[in-house]
Amino acid sequence: MSVRVLNPNAEVLNKTAALHMTINAAKGLQDVLKSNLGPKGTIKMLVGGSGDIKLTKDGNTLLKEMQIQNPTAIMIARTAVAQDDISGDGTTSTVIFIGELMKQSERCIDEGMHPRVLVDGFEIAKRATLQFLDNFKTPVVMGDEPDKEILKMVARTTLRTKLYEGLADQLTDIVVNSVLCIRKPEEGIDLFMVEIMHMRHKFDVDTRLVEGLVLDHGSRHPDMKRRAENCHILTCNVSLEYEKSEINAGFFYSNAEQREAMVTAERRSVDERVQKIIDLKKKVCAGNDNNFVIINQKGIDPPSLDLLAREGIIALRRAKRRNMERLVLACGGEAVNSVDDLTPESLGWAGLVYEHVLGEEKYTFVEQVKNPNSCTILIKGPNDHTIAQIKDAVRDGLRSVKNTIEDECVVLGAGAFEVAARQHLLNEVKKTVQGRAQLGVEAFANALLVVPKTLAENAGLDTQDVIISLTSEHDNGNVVGLNLQDGEPIDPQLAGIFDNYSVKRQLINSGPVIASQLLLVDEVIRAGRNMRKPTA
Amino acid sequence: MQPYGIQSMLKEGYRHLSGLDEAVIKNIEACKELSTITRTSLGPNGMNKMVINHLDKLFVTNDAATIVNELEIQHPAAKILVLAAKAQQEEIGDGANLTISFAGELLQNAEELIRMGLHPSEIISGYNKAIVKVVEILEQLVESGSETMDVRSKDEVVSRMRAAVASKQFGQEEILCSLVADACIQVCPKNPTNFNVDNVRVAKLLGGGLHNSCIVRGMVLKSDAVGSIKRMEKAKVAVFAGGVDTTATETKGTVLIHSAEQLENYAKTEEAKVEELIKAVAESGAKVIVSGGSVGEMALHFCERYKIMVLKISSKFELRRFCRTAGAVAHLKLSRPSPDDLGYVDSISVEEIGGVTVTIARNEQGGNSISTVVLRGSTDSILDDLERAVDDGVNTYKAMCRDSRIVPGAAATEIELAQRLKEYANAETGLDKYAITKYAESFEFVPKTLADNAGLNAMEIIASLYTGHGSGNTKLGIDLEEGACKDVSDTKVWDLFATKLFALKYASDAACTVLRVDQIIMAKQAGGPRRDAAQAAGAGAEED
């Protein structure tokens, strides 16, 4: 072998061996992720190096945490991660779809077909499927008032695949409301404007939506109020602490009085800034019992805190930068960068500000705001792994709602699209293709069936029965999906099962590409230092 | 050729367990092991455990939260149970043992069902139905008239607290309960729901016995006064968070001196400055200065001269508590305090108890929000255990301030739940039925364990309990001293509704989570070689 001559340490797999390795890897990865798919999928437990527990059903999380070594598996995993980056969902489907494509190809290749011909077939099938998808999708009008029901159905479909039913249904409302809350006409949706905060407290079903903001720190002064109503909110990015001068300065004094003078002088500029804020507070709170809250991105040192506390002002320091943006959106007003131009107009408003202490952690709630354009999803759960699980699910749920609003259309779920697409490929497209590429189209069509098949398998149903009953319904011209409770065909539209259009599109786009790449590999060469020998 | 399957794709050292036998049953086994450890500690006659943690610190306790905390459980499934217990401990502060033991029992019964051929998802749905029903029944079992209570009435508090404390320190619950109840009632704010556990402090002093324990309305600091004045009555207190010393600039300062004369003068001005400050404090009427930072020699000298007692509290939190005790406002810098900022204590004195010098600040008047339980005992581990019992008691008080409802204790509630749940299961059709029945049976472990731990015949007790409950006496519980069944209204064993509710909910949550997992992917253990080589070998089931 030529490579061996060049480098005697290199490992080479060629022709069929290489192909089999890639196919096996794809199938192996499919096996792992298969049981995750759908609402009836099971949970995986991941144990980290330090013994920390993570429970997940999310394909993306799983792939990230598993630390895969096999080169083929890594390629597939990357596609899945790309899928997540673009659409936020469908990672598991991507992996099993690629696995299935490889499996179908394996059969053809064993029968002596050349991979190149298959790949050509894939390409034709892919284009046809995408076209079909565009005809198949259900358009949704997203005007100023989006149809909440549709959004809810999409969110529910996504969430139910990540969490158990009761919790998923509860989160559906939360997720949809939060996206609608931050949505502004004529602007893209910035999901970062939904703050996701967690508290280790109570049960997972106590998760709720806060119309306002929850900050994960509290005031640092013992005498500040814990609860205040009718609050003016000053969002600022002004340092209220003594800062050392840039140059290396020192004081020279020769008696204690002089030193005292120095001490006051040092603080004067900071005190002046604090005084300006206090003046503003006096101005807006004069004659009423309104309160004043400062949320500062920079620090506030103890002497300044003390001054503010004496005026009855609640001050929070070192807020997150992102929270400053959110605060302005939630409470109104504007973020100020200097105390010189303070006006009452730059203040925001919140009906209620209070602190919640949980063991060592402090949380500050800013609630009852007017016209919020930012909100917080407050996740609660008894332990970290529950919280992490909900967090991942909420992220995906938000993405699915956002996708729907941006796509302005949805696709029927529960495997309906896959079955319909297969029928379309076999009955219409295949006939238009000349020669052996037909087999590629057929393999692609069969691979699509993996989604309903796996759904059925995870629900403990008989896969063959299910596929037959689904296809026969489709042959009769009915678009049906799979009912996971009893294995009978249902109309996904009535059951409210909808998937994202962009998720499906990305899936059909990326799956065949990576599968084709893998099929066209005919030699795997491992060379270089520190080669890891397979653990046989 | 590479090996087929997932194992080949993972990094070296990763382990992958999947399937019913490998993952689910193994997980259940690990949880069972854990619950057998805690189970013997349940109830008043529970056994103590001796745990030596990784720092070689010795614990002798029957508090499940402490035991599982110090065990450093490695097994992922068992860890879920531990997390549930921790959640219970944080939420209520009591009932951790019930959480773990009950979850263990649920899983053990689930294993039987799995061996019978039921799928874990069916068991989960059954268990979920059961817990919904349990909550419903539990609410019916609430003792009528207990919805409202006077949280300042000692009798009512003690009756609710007794069971919780008795399960930790059986035989001493009367003394402890009255101590804890007194301490809690003293600091209970106007709105009882705002009761803060932090306001009841515990000071452990070696020596004496439990009978020497007492309540101090104020604080006990384990330190000496700084100066020579050790006692002060009816004194005003000034608190300075930043320390009592000469002030310094943030920027480095240098004293500019040209001659010897100036040097002398400088020292004098320093002195004069400090004297001026201390004098100002003294003139404001303060007789005690509490400093959060260092106390300078010179400042101390002038304090002595002006007959001011000086205390140093370096912990920021401790200082805040002191402020609450005395009703003082902490100043940052040494300056003349305004009269409003001064606090007041009835007496503050340095005393020696059992060879430890302590400073006791008392404040009998209103405005005081701190009370301290001074515990005495012969060994450190006894004191630690007493402290945990007090903590449980205080937490129970907090829980009852929020929700004062009570349910019968001494296993009466559990048997009633078991009985009604079984009836519910019989009415159910489908596979859930088996899971619900098993869930009901799981409750039997409570009377069984209570009786076992007390050396009674468990089967007899359970049988007679069932008979009693069957004939409509819903409050029949075990009287452990006489070894018979008695109405809990007579024995006065009551549990808080909230404790029981949360414990059962967390337990079934944890059990269902363990059942839901069908694959485990374990990373290689991080860090260097383990201290205990034998432990590393049996990495699958590390419970010891």
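Each reported figure results from applying straightforward, stated rules to the coordinates on display, with no laboratory input. All values derive from a computational prediction rather than experimental measurement. Cβ: placed from backbone, ideal geometry, glycine included. Neighbour counts: every protein chain shown.
For each of A:442, B:147, count neighbouring Cβ atoms within 10 Å of the residue's Cβ, then give the residues from fewest to most. Display every interim value, and only then the final one.
Numbers: A:442 21, B:147 12.
Ascending number of Cβ neighbours within 10 Å: B:147, A:442.
So which lysines can residue A:298 reach, going by Cα to Cα under 16 Å and dropping same-chain residues fewer than 8 places off?
By straight Cα distance, residue A:298 reaches A:244, A:320.
Taking the inverse of the average 1/r across all pairs of different Cα atoms in the range A:213-371, what Kirkwood radius in Å do you get?
Values: mean 1/r = 0.0607 Å⁻¹.
Result for the range A:213-371, one decimal place: 16.5 Å.
Past the 43 angstrom mark, what percentage of all C-alpha to C-alpha distances in chain B do you count?
Values: 52516 of 147696 pairs.
Value for chain B: 36 percent of Cα pairs lie more than 43 Å apart.
Return the long-range amide H neighbours of residue B:485 (sequence gap of 5 or more, or a different chain), with a cut-off of under 5 Å between placed amide H atoms.
B:479
Apply the Karplus parameterisation 6.51 cos²θ - 1.76 cosθ + 1.60, with θ equal to phi minus 60°, to every residue of the range B:220-228 and state each ³J(HN,Hα) to the nearest whole Hz, in sequence, with x for glycine and proline.
10, 9, 8, 8, 9, 6, 6, x, 9
For residue B:55 and residue B:196, what is the calculated FRET efficiency with R₀ set at 22 Å and r taken between the beta-carbons, to the nearest 0.05? Before the final figure, lay out the partial values.
Numbers: r = 30 Å, r/R0 = 1.36.
Working from the Cβ atoms, E equals 0.15.
Please compute the Cα-Cα pair-distance distribution of chain A with 20 Å bins starting at 0, giving whole percents from short to long.
19, 40, 26, 13, 2, 0
In terms of modelled amide H atoms, which long-range or inter-chain residues lie less than 5 Å from the amide H of residue A:292?
Amide H neighbours of residue A:292: A:232, A:314.
Could you work out the helix-only [θ] at 222 nm for chain B, with each DSSP H run of four or more residues adding -39,500 (n - 2.57) and the total divided by the number of residues, to the nearest 500 deg cm²/dmol?
Helix contribution divided over all residues of chain B: -15000 deg cm²/dmol.
So which lysines pass the test for residue B:492, namely a Cα distance under 18 Å, with those fewer than 8 places away in the same chain ruled out?
Counting by Cα, and skipping residues close in sequence, residue B:492 has these lysines nearby: B:154, B:168, B:475, B:500.
Report ³J(HN,Hα) in whole Hz for each residue of the range A:408-424, in order, from the Karplus equation J = 6.51 cos²θ - 1.76 cosθ + 1.60 where θ = phi - 60°; Gly and Pro get x.
After applying 6.51 cos²θ - 1.76 cosθ + 1.60, I find 6, 6, 9, 10, 4, x, 6, x, 5, 5, 4, 5, 5, 5, 5, 4, 4 Hz.
If you line up the long axis of helix A:321-331 against the longest principal axis of chain A, both from Cα atoms, how many degrees apart are they, to the nearest 10?
Around 80 degrees separate the two axes.
Measure nothing fancy, just the Cα-based angle from helix B:260-283's long axis to the longest principal axis of chain B, in degrees from 0 to 90, nearest 10.
60 degrees
Tell me the angle of helix B:458-470 to the major Cα principal axis of chain B, expressed in degrees between 0 and 90 and rounded to the nearest ten.
Roughly 80 degrees, rounded to the nearest 10.
Please arrange A:44, B:438, A:148 by how many other C-beta atoms lie within 10 Å of their C-beta, fewest to most. Kindly include the intermediate steps, with their values, before the conclusion.
Working: A:44 28, B:438 24, A:148 12.
With the fewest neighbours first, A:44, B:438, A:148 line up as A:148, B:438, A:44.
Under 1.5 on a/c is rounded, so check that first for the range A:261-320, then, if it is not, pick prolate when a/b is larger than b/c and oblate when it is not; a ≥ b ≥ c are the square roots of the alpha carbon gyration tensor eigenvalues.
Details: a/c = 2.42, a/b = 1.40, b/c = 1.73.
Oblate, since a/c reaches 1.5 and b/c is not below a/b.
Amide H to amide H, which residues 5 or more places from residue B:494 or on other chains are under 5 Å from it, using H placed in the peptide plane?
B:163, B:409
What's the whole-number percent of alpha carbon pairs in the protein assembly as shown lying beyond 37 angstrom? Don't skip to the end; give the middle numbers.
Values: 366554 of 582660 pairs.
That tail contains 63 percent of the Cα-Cα pairs.
Using Cβ contacts closer than 10 Å as the measure, can you line up A:220, A:268 from fewest to most? Let's see the in-between values first.
Details: A:220 17, A:268 9.
Listed from fewest to most nearby Cβ atoms, that is A:268, A:220.
Would you work out if the range B:10-154 is rounded, prolate or oblate? Take a ≥ b ≥ c from the square roots of the eigenvalues of the alpha-carbon gyration tensor; rounded if a/c is under 1.5, else prolate when a/b is larger than b/c, oblate otherwise.
On the way: a/c = 2.36, a/b = 1.23, b/c = 1.92.
The shape class here is oblate.
Give me a comma-separated list of calculated 3J(HN,Hα) values for the range B:154-171, in order, Karplus coefficients 6.51, -1.76, 1.60 applied at θ = phi - 60°, integers in Hz, x for any Gly or Pro.
Each residue's phi maps through the Karplus curve to give 4, 4, 5, 5, 4, 4, 7, 8, 4, 4, 5, 6, 4, 5, 9, 10, 5, x Hz.
For the range B:460-493, which GluC sites (Glu not before Pro) pass both filters: DSSP loop (anything but H, G, I, E, B) and at most 14 other C-beta atoms within 10 Å?
Details: sites: B:460, B:481, B:482; in loops: B:481, B:482.
The qualifying sites are B:481, B:482.
For a quick check of your reading of the filter: which GluC sites (Glu not before Pro) in the range B:27-120 sit in a DSSP loop and have no more than 11 other Cβ atoms within 10 Å?
Listed in order of number, the matching sites amount to none.
Counting alpha carbon pairs within less than 8 Å and at least 6 residues apart, what relative contact order, in whole percent, applies to chain A? It would help to have the intermediate numbers written out before the result.
Details: 960 pairs, mean separation 144.2, N = 536.
About 27 percent, as a whole number.
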